[in-house]
Amino acid sequence: MHFRPCQRRRKLSVSPHNCPQTLVALNFSSKPYKWIRYATGVVLGAEGTLSQQDDEPLDLSSDLDTLNRLPEVTDLYYHVEISNEEAGATRRIFPLDPDFANLRTSTHSSSSCYASFRAEVSQRDGNACVLTNAYTDECDAAHIVPHCKGDEYIESLTRHRPQGANHVVIEEIDDKRNGLFLNKTSHAALGKNWAISRTPNFAMEMEDVIQVETAMPVVLQYPTQEGTSRFTAHLFNIRDPNRGALARLPPGSPIRVPAGDEGMASRPPDVLFDAVYASAVSTHFGEPMKDLREFLAPFQKLYFPPEGPISKEAERKQIKEERREQKWRTAEGDAERRQRHAGGMDSMDTVFYLWHLSAGISADVLAKRREEMAAKEREASVAKVESWRESSFT
């Protein structure tokens, strides 16, 4: 089975040898063509339509059995709508970063930012894993967009990728809406071996997703969006020997999400769930990955500032220089304050002035002494500032 996104007349062949059999085994959806439409859309970052030929309609309501009757080679085409904007006819497309799931690690618990992030995510998610209900000490506050990607990356992703029902732009990587409370195994595999599908979406309705019901301990229950949407965990590699807690979950298990206006405002937006799902799809259905990477690579720069992604070493150097700059500004501010006070009398100057007058010291002598003391303070301040400046270049 070949998937050919029709974008700028460039065709991409993504052809796992046993794609139909894999879709049947994974049992994600009772309507496989609807799922293919959704999966293609989140990878390309564009809502489109699916056809069997360039202009041949496809029955999206076909069930799983139809996959077993497909020819050995079947071409599917994904068409992206053209929009007329000021710059002319354009296609709305913002594909996934092919390295999206790389370096998915926890932030060190000693970080004050992470401590706050963990507390907020844990409280929102009921102090237990939203997937397995594992308790707090077995869980991480997982960043959906990996922490190493940074603020500019998540802002670009949430601003330009297609949005679902809850449109939002996230500007900080440590925003709690970029978090899920997950057991450690599930955290490490997020976007690689499993992902979360929210329905309804642009391609599927709730009833199109095969979902099982799992019992939740009473202590962990809280209001959810029953009847309006579903959040379903999909395991892509059911034979992975390292899937850990994921192995104990029935296919199509639901995840817990908060409900109500406050809960909806604090939970991750659909655009982040779609990005993680696209990452898992690319990992497991992007063979040969070389073709998919070549197609997606030109768009990767859209996620980063013009100078490109910052390496860990460069980030450490930047933080060090910012700290030195802050110390230098503090020292310079102290010097300016001393200079401002040098020409006038504050409350302590007034006390010493009155004391000197009572001791018989003239006002001229006192003024001279004050000028000498002020000159020494200025010299000391200048020396301190120069010392900070010199240290910032070493």
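When you go through 257, 276 one by one, which is the residue that is assigned to a helix (DSSP H, G or I), closer than 29 Å to residue 95 by Cβ and either at pLDDT 90 or above or outside the structural domain of residue 25 (by TED's automatic domain parsing) (or both)? Don't jump to the end; show me each part of the working.
Details: 257 fails: assigned to a helix (DSSP H, G or I).
Result: 276 is the single residue among 257, 276 that is assigned to a helix (DSSP H, G or I), closer than 29 Å to residue 95 by Cβ and either at pLDDT 90 or above or outside the structural domain of residue 25 (by TED's automatic domain parsing) (or both).
Of all residues in the stretch 279-293, count the ones that are at pLDDT 70 or above and over 14 Å from the mean Cα position of the chain (by Cα). Outline the logic, then answer.
Kept after step one, since they are at pLDDT 70 or above, are these residues of the stretch 279-293: 279-285.
Then keep just the ones that are over 14 Å from the mean Cα position of the chain (by Cα); that gives 280-285.
Residues in the stretch 279-293 being at pLDDT 70 or above and over 14 Å from the mean Cα position of the chain (by Cα): 6 in total.
Can you confirm whether residue 37 is of a type in the set (D, E, K, R) and at pLDDT below 75?
Values: of a type in the set (D, E, K, R): yes; at pLDDT below 75: no.
Against the criterion (of a type in the set (D, E, K, R) and at pLDDT below 75), residue 37 does not qualify.
Can you go through 81, 47, 72 and tell me which one is modelled with pLDDT under 75 and either buried (at least 21 other Cβ atoms within 10 Å of the Cβ) or in contact with a strand residue (DSSP E or B) (Cβ under 9 Å, 6 or more places away or on another chain) (or both)?
On the way: 47 fails: modelled with pLDDT under 75; 72 fails: either buried (at least 21 other Cβ atoms within 10 Å of the Cβ) or in contact with a strand residue (DSSP E or B) (Cβ under 9 Å, 6 or more places away or on another chain) (or both).
Result: 81 is the single residue among 81, 47, 72 that is modelled with pLDDT under 75 and either buried (at least 21 other Cβ atoms within 10 Å of the Cβ) or in contact with a strand residue (DSSP E or B) (Cβ under 9 Å, 6 or more places away or on another chain) (or both).
The values are calculated or read from the model by the stated rules, or taken from the named source; none is laboratory data. Predicted model only: the values in this text are computed from it and were never measured. As a convention, Cβ positions derive from the backbone with ideal geometry for all residues, glycine included, and neighbour counts pool all protein chains shown.
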